[in-house]
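Below is one structure; the comments refer to it alone.
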Amino acid sequence: MMNLTVNSTGPVDLAWAPRDVLRALPGFTDAMVERFLQLRAGPDGKDGTADDTVFKSLDDIRAALALSPEQFRELSPSFRSTIPSYESLATGRSSDVTRVIQLVFRRAGTTAQLITWKEF
C-alpha cells in the first residue's frame, strides 16, 4: 500500500491522518492512536464510510483522545479543524491485475482539494 499526502503543508488534519502520521505527533502514544483510529472509523472499522465518527470541532477530537484541555492546548498548533471530507474509490483491472485507488478530498470554494491518495 502507498500513502501519499498531497496537502502536506501546514497542520495535520486528524480526521484523515493515517496511523503513521498520528504516531509521529509529539505526545501521542501507540495506545492513544489505536483508540482514536477505532473511534474515527466507526463500527465497521473502515475510514471513509457512513458509520464513521464525525468530529465537529477540535474539542470533540480532544475528548476522543482523552486529553485534558491543557495537554491538547500544547499539541493543538499542529492540528487543523476538521472540514467535511469525501472519499472516492476507483478500481481498475487489466487482465489479472487489479488496482484500487482511494482519494479523499474536500470542497475548497468551488473546487475540490485533494487531501490524500492511497493505492492498494
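The values are calculated or read from the model by the stated rules, or taken from the named source; none is laboratory data. Worth saying up front: this structure is predicted, and the values here are computed from it rather than measured. Because the Cβ atoms are built from the backbone with ideal geometry, glycine has one as well, and the counts that use them run over all protein chains shown. Remember, those area values only see protein heavy atoms, side chains included, never the ligands or the DNA or RNA. Shrake-Rupley method; radii C 1.70, N 1.55, O 1.52, S 1.80 Å.
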Answer residue from the stretch 90-120, given it is of a type in the set (S, T, N, Q) and open to solvent by 70 Å² or more (accessible area, probe 1.4 Å) and is nearest to ASP47 (Cα to Cα) among those: THR91
Within the stretch 20-52, considering residues that are β-branched (Val, Ile, Thr) and in a helix (DSSP H, G or I), the one nearest to ILE115 (Cα to Cα): VAL21
Scan of the stretch 41-62 for residues that are modelled with pLDDT of 80 or more and either among the basic types (Lys, Arg) or touching a Leu at 6+ places or on another chain (Cβ under 6 Å) (or both), ordered by number: LYS46, THR53, ILE61, ARG62
Where a residue in the stretch 41-54 is over 14 Å from GLN102 (Cβ atoms) and its partner, wherever it lies, is at pLDDT 85 or above and among the polar types (S, T, N, Q), with Cβ under 8 Å and at least six apart: GLY45/GLN38
Residue match in the stretch 63-76 (condition: at pLDDT below 80 and in contact with a strand residue (DSSP E or B) (Cβ under 7 Å, 6 or more places away or on another chain)): no
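Okay, residues lined up against (1) open to solvent by 70 Å² or more (accessible area, probe 1.4 Å); (2) touching a helix residue (DSSP H, G or I) at 6+ places or on another chain (Cβ under 8 Å):
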position	(1), (2)
ARG19	yes, yes
LEU25	no, yes
ALA41	no, no
PHE55	no, yes
LEU67	no, yes
GLU70	yes, no
GLU74	yes, no
Restricting the stretch 77-89 to residues that are within 16 Å of the chain's Cα centre (by Cα) and open to solvent by 80 Å² or more (accessible area, probe 1.4 Å), the residue that is modelled with the lowest pLDDT: PRO84
